[in-house]
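Here the structure comes first, spelled out in structure tokens, and everything after it is commentary.
Every read-out reported here was derived from the displayed coordinates using simple, explicitly stated rules and does not represent laboratory data. No experiment lies behind these values; they were computed from the predicted model shown. No Cβ is skipped: glycine too gets one built from the backbone with ideal geometry, and neighbour counts run over all protein chains shown.
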Amino acid sequence: MHNQSTTTRIAKSPRRPRARSGVLTVEMILVIPILLAVVLALVQFGITLMSMQGITAAARVGTRQATLPSATQASVEAAVSQVLAGWHFAGKETTEIFVNGSPVNAGNPLTNAVTGDAVAVRVTVPTTDAVPDLLKFIGGSIVGQDLKTEFVLRKE
């Protein structure tokens, strides 16, 4: 018997070419700003949507108050303020009341509204008071915009 040792050679894997060195770093430098912009936009949208829900609830409660027979402009504004009391933009809202499309004021008080009249309450809050301006970091901005909602019911 012939005992011969056999040697097996394992082929070495070829090395990466030096030209690919640092490609991942460059790709991340290009992707991270885009990803950050998308995340900021999503956060901005979420906070705006949440604030709009609060403003809509305040308009709904204010309109419900305005439809009651004993309602006054002051009672409607108090109802809106009470709903927004827990929000960080409380006290910065503007409340407008309309009866059949005409604004309620000293010459046209809410007490003149009769059963069946359309009563609307519009609540407006500047976005700079309701939502942080996260888009300014990526070249956009919401400054100068308003969050506004209107709710309409019939007078009782």
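Tabulated values for the structure
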| read-out | value |
| --- | --- |
| Reported label for calculated volume of the Cα convex hull per residue in Å³ given (1) 171; (2) 216; (3) 187 | (2) |
| Hits among aspartates and glutamates - C-alpha to C-alpha of Lys136 under 18 Å, sequence gap 8 or more where chains match | Asp146 |
| Label-to-label distance, nm, for residues given as Arg154 and Ala41 (7 Å Cα→Cβ offset) | 4.4 |
| Estimated dipole of the chain in Debye, rounded to 20 [Cβ of Lys and Arg +1, of Asp and Glu -1, Cα centre] | 1460 |
| Virtual spin-label span in nm between Ala118 and Asn105, 7 Å along Cα→Cβ | 2.1 |
